[in-house]
Amino acid sequence: MAREKWQSKLGFMLAAMGSAVGLGNIWRFSYVAGENGGGAFLLLYLAFVLLIGIPVLLSEFSIGRQAQSDVVGSYQKLAPKKPWFIQGYMGLICSFLILGFYSVVAGWSLYYFWNYLNTSFFNAPSGGYEAAFGTFITNPVSPLFWHGLFMVITILVVLTGVKDGIERASKIFMPTLAVLLIMLAAYSVTLEGALEGLKFLFQPNWSILEDPSVYLAALGQAFFSLSLGMGGMMTYGSYLSKDESLPSATVGIGLMDTFFAIIAGVVIFPAVFAFNISPESGPNLVFITLPGVFEQMPFGGIVGLVFFFLLCLAALSSSISILEVPVAYFMRKFGWSRTLSSAVLGSLMYLLGVAASLGMGRWSDVTLIGDRDIMGSMEFVASDVFLPLGGLIIALFVGWHWSKAEAFEATDMASAGPIRHIWRFLVKFVAPVCIAIIFLSSVGIL
Ligand code: PHE
């Protein structure tokens, strides 16, 4: 059977942007920035996106497109009998870890959407939103239902194949989400006490930079937000034909993704300070902050409804790119149908998510890595370890395994002028060295 392909370059762009923009920009960016002190973290994150993220993203796309295969197959095709394919297996493991917790948080978003749909969140529930959210996530059953519902939708989209569904949906919903976020940001900065929030986000507190874990957090967040280092973008690149040009698409995706994160920060941090919520509240930050904003603003109930609808769609266009990674591999390797692969693999990821979800309540005293709960541990291993490590291998492959001419050809940089040398320098030296230093210093070796 012939491999599937995008219908157009726009289709590819939308799908890749859909993958990048998701809960990572809104939910994860704000809580990780909050935990890591705000301003200085933001600068690090931006530097990593520009110097490492975007150049390595171009590399990841180009490996997939050159090989026209899945995460493991691509390396085996381009470098037979060499160990590069290990990155492919790491990507497969990583896809399970990421979708495991991602679908849980997406389930929370669905639950919020439902509460706006039936108007029960139009006004604060007795005890406030924070308490209501706490009651919800510690319940052993209800979050599992919403998480399951989200997973079923993800599976259904993935089993219809790459060309349909999301490719069309993102065309309308992504711009709408951007406009809505800008409007919310404009409202949020008028809240009383908003200035504190803006200062927190934009005024660097340099002393934070003495802590090596902040670098790892910013690096992990840059990778997570760009969907980079797992092989999702490689798989998406593999459905692109060789006559489309990659560099402009890559830069567009990187900038768009960063824009969404910053605007989300401008929505959330003023509200965090206006409502006296601690920026270090962790993964529940947006879920306890945003409803308060919606409650205060005119027509806020409707705005909340639209917001959570769009957030769920943004999460969906990311989750399908995660499930697509093992699905593409199982289809090629074991000859499974798309339907069977999506259903089986998606269900396994759901089960992994059940542990993450129960870790919020019944199993909340289980800590796996350091003092991290189950979800926190999955997030840490996947985003702060596997993704940057995957990115390191991708950078080494394109920078060192490929010759200069091969690398320029595969990335459509051959006629790109001097910038191509800068790109290659970043991929060959800057990205690997920075990632290595950050890893070593975070485990205390440097
Ligand atoms: N980038 C996605 C988001 O921001 C999440 C994701 C991570 C998707 C890794 C694919 C791979 O929500």
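Odds and ends about this structure:
- Of all residues in segment 286-309, those being in a helix (DSSP H, G or I) and either touching a Phe, Trp or Tyr at 6+ places or on another chain (Cβ under 6 Å) or within 10 Å of the ligand (Cβ to nearest atom) (or both) number 12.
- Test: residue in segment 219-230 that is more than 21 Å from Gly39 (Cβ to Cβ), polar (S, T, N, Q) and touching a residue at least 60 places away in the same chain (Cβ under 8 Å): yes
- In segment 21-46, the residues that are without any contact (Cβ under 8 Å) to a residue 60 or more places away in the chain form no Cβ pair under 9 Å with any partner that is open to solvent by 10 Å² or more (accessible area, probe 1.4 Å) and not aliphatic (A, V, I, L, M), whether six or more places apart or across chains.
- Hits in segment 222-245 (condition: more than 9 Å from the ligand (Cβ to nearest atom), at pLDDT 95 or above and either farther than 17 Å from Gly88 by Cβ or within 10 Å of the chain's Cα centre (by Cα) (or both)): Ala222
- Residue under evaluation Ile172, criteria (1) at pLDDT below 95; (2) over 19 Å from Phe308 (Cβ atoms); (3) surrounded by fewer than 24 Cβ atoms within 10 Å (Cβ to Cβ); (4) β-branched (Val, Ile, Thr), criterion not met: (2)
- Selection status of Asp257, free of Cβ contacts under 8 Å to residues at least 40 places away in the same chain and of a type outside the set (Lys, Arg): no
- The criterion of being out of contact with any strand residue (DSSP E or B) (no Cβ under 8 Å at 6 or more places or on another chain) and part of a loop (DSSP other than H, G, I, E, B) holds for Gly161.
- Note on segment 1-106: enclosed helices (runs of 4 or more DSSP H) holding 1 or more residues that are within 12 Å of the ligand (Cβ to nearest atom) are 9-20, 29-35, 54-67, 71-78.
The values are calculated or read from the model by the stated rules, or taken from the named source; none is laboratory data. Values in this document were obtained by computation on a predicted structure and should not be read as measured data. Virtual Cβ from ideal backbone geometry, glycine too; neighbours counted across all protein chains shown. Remember, those area values only see protein heavy atoms, side chains included, never the ligands or the DNA or RNA. Shrake-Rupley method; radii C 1.70, N 1.55, O 1.52, S 1.80 Å.
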